[in-house]
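Take a look at the structure set out below.
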There are 2 protein chains.
Amino acid sequence: MATIRSHPEHAAGPKTAEDPRDRILLAAGQEFAEHGYEAATVRDICLAAGVNVAAVNYYFGDKRRLYIESVKHAHEARVKQVPLPDWPPGTPAAARLHDFVANMLERMLGFSQPPWQVRLMMREVLHPTDACRELVEDYIRPHFAVLVAILDELAGRTLAESELRRIALSIIGQCFLYRAAGDVVGMLVPSDELATLHTPPQLADHVTRYALAALGLGRPLADSLTSRSVPGIAP
Amino acid sequence: MATIRSHPEHAAGPKTAEDPRDRILLAAGQEFAEHGYEAATVRDICLAAGVNVAAVNYYFGDKRRLYIESVKHAHEARVKQVPLPDWPPGTPAAARLHDFVANMLERMLGFSQPPWQVRLMMREVLHPTDACRELVEDYIRPHFAVLVAILDELAGRTLAESELRRIALSIIGQCFLYRAAGDVVGMLVPSDELATLHTPPQLADHVTRYALAALGLGRPLADSLTSRSVPGIAP
DNA sequence: CCCTGTTTCAAACGGGCGTTTCAATCAACT
DNA sequence: AGTTGATTGAAACGCCCGTTTGAAACAGGG
């Protein structure tokens with residue numbers, strides 16, 4: 001038995017000590033996020049995970065089920081990573097709106113965490129598959145409800161639920177654009193401006209200010225004083 | 001041979017509907033829009049176009065060049081199909097803003113034209129390839145400049161260019177969400193509400209009203225509370 | 001030790017892909 | 001008609017895909 005035990009790397013892999021199943025899930029999430037379901041190959045996934053090609057079939061059955069599992073895995077990790085703020089009672093609705101927007105932008109654009117998880121979920125949002133409905137129910141709808149509640153309070157409970165939803169979607173859309181079409185935004189905006197005015201904190205201020213002004217609760221974006229700068233969120 | 005019949009050189013009358021090159025471009029645009037570059041197959045494209053598989057190589061060289069040509073083709077067709085309104089001098093800026101938003105929504109969501117052209121361009125925006133930069137320069141940037149000019153006039157030329165760009169992106173983001181994440185929006189909003197309040201005309205009204213209110217030029221969306229202060233945000 | 005069930009491995013299978021081949025066909029002109 | 005060059009067609013090529021195989025390596029209890 002002169003078979004060469006060419007187990008790829010015992011030390012060079014990301015985390016060789018973990019279960020092969022977890023390593024496959026990690027590598028699959030990254031590959032699917034980067035290239036999409038069709039273009040990602042199980043061979044590349046297994047190479048990155050340091051396992052044999054047969055392992056994906058052994059642990060997950062086939063490529064489709066591996067994909068669904070990796071989406072759910074990334075989703076659950078993300079929920080634990082960036083939870084919504086836990087506002088103490090009495091926190092003003094306007095402050096909660098700003099926190100909510102900042103949280104959403106940080107989750108979508110923040111560099112503090114590996115980007116592939118959000119990229120993977122974005123793919124589901126943009127081109128839904130079987131994993132999408134679960135994602136919406138567990139992850140997106142609760143967040144949406146929180147935003148609607150904040151807006152309801154901000155508007156003094158004078159607006160219809162349908163109108164609140166439209167305003168909520170307007171706010172989400174502004175954040176969504178930067179995540180989904182960030183490359184095009186980068187082409188439309190000078191690069192120096194991009195680095196200074198289109199960062200998550202700056203955008204959170206802008207989106208919040210825009211919403212409050214539209215609701216008649218803040219200073220309008222355009223009046224005689226705004227040409228310089230409207231003070232953002234005071235520390 | 002690597003010779004490509006890139007364009008029919010003979011000056012004879014173009015048989016528009018029967019030219020194999022055009023039939024391939026049409027079918028390719030639909031297939032690429034539906035399934036994406038990787039998942040679309042040359043065989044399906046040729047089947048739909050009613051030509052032999054060798055034709056795509058004969059006319060375009062390879063799949064990649066066919067893709068780029070089909071994106072440009074769809075783009076040019078779209079520009080001719082839905083041009084920007086030609087406002088007579090003196091048209092109020094607010095009216096032009098509403099027209100602009102309605103035009104953009106109609107172009108993105110309208111049912112009056114085959115949807116695959118916009119779907120194809122959306123793919124480029126969401127996951128740029130070689131064809132993207134050309135698309136931005138020829139198609140998106142001029143529209144963006146028109147929107148910025150409208151906003152500049154609306155704000156009485158008091159806002160910095162950078163601020164105008166941010167507001168413009170806010171407006172575009174709201175429209176973009178419905179196009180790119182329409183499926184998720186459909187899950188978050190009751191279906192009856194979707195059919196009545198989230199149509200292109202209704203959305204155009206909403207987005208315009210939202211922007212005008214934020215600029216302090218229209219009635220706030222929640223106008224019963226305009227006198228209330230906003231603790232925690234504005235000084 | 002052997003037996004038993006689980007996990008890993010190299011190799012291969014069948015199929016679909018983009019691409020190429022080359023002979024057949026067509027259109028136009030001499 | 002014959003010639004020529006541009007198109008079309010059926011078939012095949014080589015490659016890589018997801019998946020399967022069957023045996024080797026491992027682990028634990030008798």
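The values are calculated or read from the model by the stated rules, or taken from the named source; none is laboratory data. Fair warning: this is a prediction, and the values are worked out from it, not measured in the lab. Counting neighbours? That spans all protein chains shown, and the Cβs are built from the backbone with ideal geometry, glycine included. To get the accessible areas, we keep the full protein, side chains included, count just its heavy atoms, and leave off ligands, DNA and RNA. Shrake-Rupley method; radii C 1.70, N 1.55, O 1.52, S 1.80 Å.
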Please list 3J(HN,Hα) in residue order for the stretch B:21-35, calculated via the Karplus relation 6.51 cos²θ - 1.76 cosθ + 1.60 where θ = phi - 60°; whole Hz, with x for glycine and proline. 4, 5, 4, 5, 4, 5, 5, 5, x, 5, 5, 5, 5, 6, 10
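Expressed as a whole percentage, what fraction of the accessible surface of the protein assembly as shown belongs to carbon and sulfur atoms when a 1.4 Å probe is rolled over the protein heavy atoms?
C and S fraction of accessible area: 55 percent.
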What are the label-to-label distances in nm, one decimal and shortest first, from B:GLY186 to the same spot in the other copies, with labels 7 Å along Cα to Cβ? 3.2
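Per residue, how much space in cubic angstrom lies within the convex hull of the C-alpha atoms of the stretch A:69-143?
Taking only Cα atoms, the stretch A:69-143 has a hull volume of 94 Å³ per residue.
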Once the label point is placed 7 Å from Cα along Cβ, list for B:ALA77 the distances to the corresponding points in the other copies, in nm, shortest first. 4.2
Give me the dipole magnitude in Debye, nearest 20, for the stretch B:105-173 about the Cα centre, with unit charges on the beta carbon: positive for Lys and Arg, negative for Asp and Glu. 200
So, with points 7 Å from each Cα along the Cβ direction, the B:ALA48-B:ARG64 label distance in nm works out to 2.2
The size of the Cβ-based charge dipole (Lys, Arg +1; Asp, Glu -1) of chain A about the Cα centre, to the nearest 20 debye, is 80
Report the trypsin sites (Lys or Arg not before Pro) located in the stretch A:90-188 that are in a DSSP loop and have at most 14 other Cβ atoms inside 10 Å of their Cβ, or state none. A:ARG157
Roughly what angle does helix A:161-180 make with the longest principal axis of chain A, taking Cα atoms, 0 to 90 degrees, to the nearest 10? 50
Computed accessible area, A:TYR67, all protein chains, 1.4 angstrom probe, square angstrom: 10
How much accessible surface area, in Å² rounded to 10, belongs to the heavy atoms of A:ASP22 with a 1.4 Å probe? 60
Relative contact order of chain B, pairs being alpha-carbon contacts under 8 Å that are 6 or more residues apart, as %: 19
Using the 7 Å Cα-to-Cβ label point, sort the distances from A:ASN57 to its equivalents in the other copies shortest first and give them in nm to one decimal. 3.1
Computed P(r) (all Cα pairs; chain B; 10 Å bins; percent): 6, 25, 28, 20, 12, 5, 2, 0
Accessible surface, 1.4 Å probe, highest first, among residues A:MET104, A:MET187: A:MET187, A:MET104
On a 0 to 90° scale, report how tilted helix A:141-154 is relative to the longest principal axis of chain A, with both axes built from alpha carbons and the result rounded to the nearest 10. 10
Looks like the stretch A:144-195, by Cα gyration tensor root eigenvalues a ≥ b ≥ c and the a/c under 1.5 rounded cutoff (else prolate when a/b is bigger than b/c, oblate otherwise), is prolate
HN-Hα couplings for the stretch B:199-212 via Karplus (6.51, -1.76, 1.60; θ = phi - 60°), in whole Hz with x for Gly/Pro, come out as 7, x, x, 4, 5, 4, 4, 4, 5, 5, 4, 4, 5, 4
Binned at 20 Å from 0, what are the whole-percent values of the Cα-Cα distance distribution for the protein assembly as shown, short to long? 21, 50, 25, 3, 0
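What does the accessible area per residue of the stretch B:26-157 come to in Å², with a 1.4 Å probe and no ligands, DNA or RNA counted?
In whole numbers, the stretch B:26-157 has 48 Å² accessible per residue.
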HN-Hα J couplings of the stretch A:122-136 from phi, Karplus 6.51/-1.76/1.60, θ = phi - 60°, integer Hz, Gly and Pro as x? 4, 4, 5, 5, 6, 9, x, 10, 4, 6, 6, 4, 4, 4, 5
